[in-house]
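The values are calculated or read from the model by the stated rules, or taken from the named source; none is laboratory data. Here the structure is a predicted model, which is why all the values come from computation and not from measurement. Virtual Cβ from ideal backbone geometry, glycine too; neighbours counted across all protein chains shown. Heads up: the accessible areas ignore ligands, DNA and RNA and are worked out on the full protein's heavy atoms, side chains in. Shrake-Rupley method; radii C 1.70, N 1.55, O 1.52, S 1.80 Å.
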Amino acid sequence: MSESTRERATGAPRRAPAHALKLTTQFVAGPAFAAHKALLSRTAVRRWVQAALLADAELTLRFVDAEEGQTLNRGYRGKDYATNVLTFAYAQDESDPVTGDIVLCCPVVEREASEQGIALEAHYAHLIVHGVLHAQGYDHEADDEAQEMEGLETEILAGLGYPDPYASEKSAPAAAATPVKTKTPAKPRRA
């Protein structure tokens, strides 16, 4: 049955073609995070990345321990602590292909999921979507940028079956809400 025939027969909307993706994953966090590695199947990670793509891309996702996370955050952002996700976007302008490295720090992701009372899988899905959007030029330095990026994240995650990661911030009084934002390190220059 062709897609258009299936669409007419089932009423299911026709799915937009997926963007081309060359994805490399590196899990170097060590044996202490074996449960994370098992949770992060290649299929799940690819699905999360693909859902956030707005163009063809070549991305590397690297899952690291606290030491490497802190070293990278200190070296590229001048902040001497491990953070949840760092995105290194290599495109110099919009005409360049989407290329980048996204680094996720396993112990930080685990701690945040526990503190926020959310499933570890849901938090990884959120941070990967977040990092992929950064790799495509999205940011959240200004309020309007943050609103746009958070809206995209929420929509993408809902499509993947995950809850709104910003729901608690939206339900809190404006004066009490202090959103935690992940910053993108400076874009490394191409050699």
(request) Can you confirm whether the range 14-35 contains a residue that is at pLDDT 95 or above, closer than 27 Å to Ala158 by Cα, hydroxyl-bearing (Ser, Thr, Tyr) and not in a helix (DSSP H, G or I)? (result) yes
(request) Report those helices (runs of 4 or more DSSP H) wholly inside the range 45-155 carrying at least 2 residues which are open to solvent by less than 20 Å² (accessible area, probe 1.4 Å) and charged (D, E, K, R). (result) none
(request) Could you list, in sequence order, all residues of the range 156-165 that are assigned to a loop (DSSP other than H, G, I, E, B) and surrounded by fewer than 18 Cβ atoms within 10 Å (Cβ to Cβ)? (result) Leu160, Gly161, Pro163, Asp164
(message) When you scan the range 179-186, do you find a residue that is within 14 Å of the chain's Cα centre (by Cα), surrounded by 12 or more Cβ atoms within 10 Å (Cβ to Cβ), closer than 24 Å to His19 by Cβ and modelled with pLDDT under 95, even just one?
(response) yes
(message) Any residue in the range 84-113 that is farther than 15 Å from Glu67 by Cβ and at pLDDT below 95 sitting within a Cβ distance under 7 Å of a residue that is basic (Lys, Arg) and part of a strand (DSSP E or B)? List the pairs, counting only those 6 or more apart or interchain.
(response) none
(request) Scan the range 135-152 and report the pairs whose first residue is without any contact (Cβ under 8 Å) to a residue 12 or more places away in the chain and whose second residue is crowded, with 16+ Cβ neighbours inside 10 Å and part of a loop (DSSP other than H, G, I, E, B), with Cβ atoms within less than 6 Å and a gap of 6+ or a chain change. (result) Glu145/Asp139
